[in-house]
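Since the structure comes first, as structure tokens, the remarks are kept for the end.
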Amino acid sequence: TSYGSGSGVNVGRTERIVSAVAGAAIVGFSLKSRKLRGLLLPIGGGLLARAATGRCAVSRALGRDTADVDDYTSPVASVGRGQGIKVEKTVIIDRPAEELYAFWRSFDNLPRFMDHLESVQIIDDRRSHWVAKAPAGTRVDWLAEIHNEIRNELIAWRSLPGSEINNAGSVHFRPAPGGHGTEVRVVLSYEPPAGRLGDSIARLFGESPSQQVEADLRRFKQVMEAGDLAGTAHLPPDAGRVY
């Protein structure tokens, strides 16, 4: 299920370029036409604002989000299009967005609920060193950077060049339907060391990326709602709906 990023960026790079060109043309034409100025100037200005901010209220109302498709700020920016494995999951957590954002933003918290992560060491405000458990008892590590961020709404990160695994991710926070809690949408994309074959082998060991993310989000929900770290190891499959 795909959702927009709330009041965050929801317009892809191509659409922003088109909006900028069209907006500039309309504004230029409106300045030459007194009769149509009142009609065209707001339209052109709106398109320019759409291009500058990457935000579109109409797209958000329609649940349309193209930011993950071709934008350089996309969470899949460090994985070639069509080459990696993409997982997208959503969960509703009964905690305010600012609390969830602050916990996730400290990446060294992630191993507390992401079972495949062994450690995350924060290097500076934007860079971190990740160590993950891989299939067959091996380990992989990489450097990552935060490349897009909207306070209390979005965190997007990606691996740096030279990493063992090209990967990227983003987490989006927005008010849950009905105004109760926060909808947390996670998008992860990665290119396993052995390509798609590596993912197929991982599935044989019950280490499917989709299953991992579902379990991770259930643990995240449990940690944030109850502060229960010890009780997350044996959660039942339906403990917190993830979709």
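The values are calculated or read from the model by the stated rules, or taken from the named source; none is laboratory data. Model, not experiment: these values are computed from the prediction. Because the Cβ atoms are built from the backbone with ideal geometry, glycine has one as well, and the counts that use them run over all protein chains shown.
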Here is a list of conditions, (1) outside any helix (DSSP H, G or I); (2) surrounded by 15 or more Cβ atoms within 10 Å (Cβ to Cβ), and Trp104 meets all of them except one; can you say which number that is?
(1)
Regarding region 224-235, can at least one residue be identified that is touching a helix residue (DSSP H, G or I) at 6+ places or on another chain (Cβ under 7 Å), modelled with pLDDT under 95, surrounded by 18 or more Cβ atoms within 10 Å (Cβ to Cβ) and more than 30 Å from Thr53 (Cβ to Cβ)?
yes
Can you spot a residue in region 92-100 that is in a strand (DSSP E or B), on the phi < 0 side of the Ramachandran plot, modelled with pLDDT of 90 or more and within 18 Å of the chain's Cα centre (by Cα)?
yes
Expected output for region 101-129 (first residue over 21 Å from Asn148 (Cβ atoms), partner among the polar types (S, T, N, Q) and in a helix (DSSP H, G or I), Cβ below 6 Å, 6+ apart or cross-chain) is His116/Gln212
Which pairs have Cβ atoms under 7 Å, sit 6 or more apart or on different chains, and link a residue in region 170-187 that is farther than 12 Å from Glu98 by Cα to one that is assigned to a helix (DSSP H, G or I) and modelled with pLDDT under 95?
Val186/Val213; Val187/Asp68
Which residues, counting only those in region 137-165, are at pLDDT below 80 and polar (S, T, N, Q)?
Thr138, Ser163
Which residues, counting only those in region 135-193, are hydrophobic (A, V, I, L, M, F, W, C), buried (at least 19 other Cβ atoms within 10 Å of the Cβ) and not in a strand (DSSP E or B)?
Ile165
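Assess whether Gly206 counts as being closer than 25 Å to Thr138 by Cβ and at pLDDT 85 or above. Reasoning before the result, please.
On the way: closer than 25 Å to Thr138 by Cβ: yes; at pLDDT 85 or above: no.
No; evaluated as a whole, the condition is false for this residue.
Rundown of residues vs (1) at pLDDT below 75; (2) not assigned by TED's automatic domain parsing to the domain that holds Ala215, yes/no style:
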residue	(1), (2)
Gly28	no, yes
Arg37	no, yes
Ala49	no, yes
Gly63	yes, yes
Arg105	no, no
Pro111	no, no
Is it true that Gly82 is under 29 Å from Asn166 (Cα atoms) and either in contact with a helix residue (DSSP H, G or I) (Cβ under 8 Å, 6 or more places away or on another chain) or modelled with pLDDT under 85 (or both)?
yes
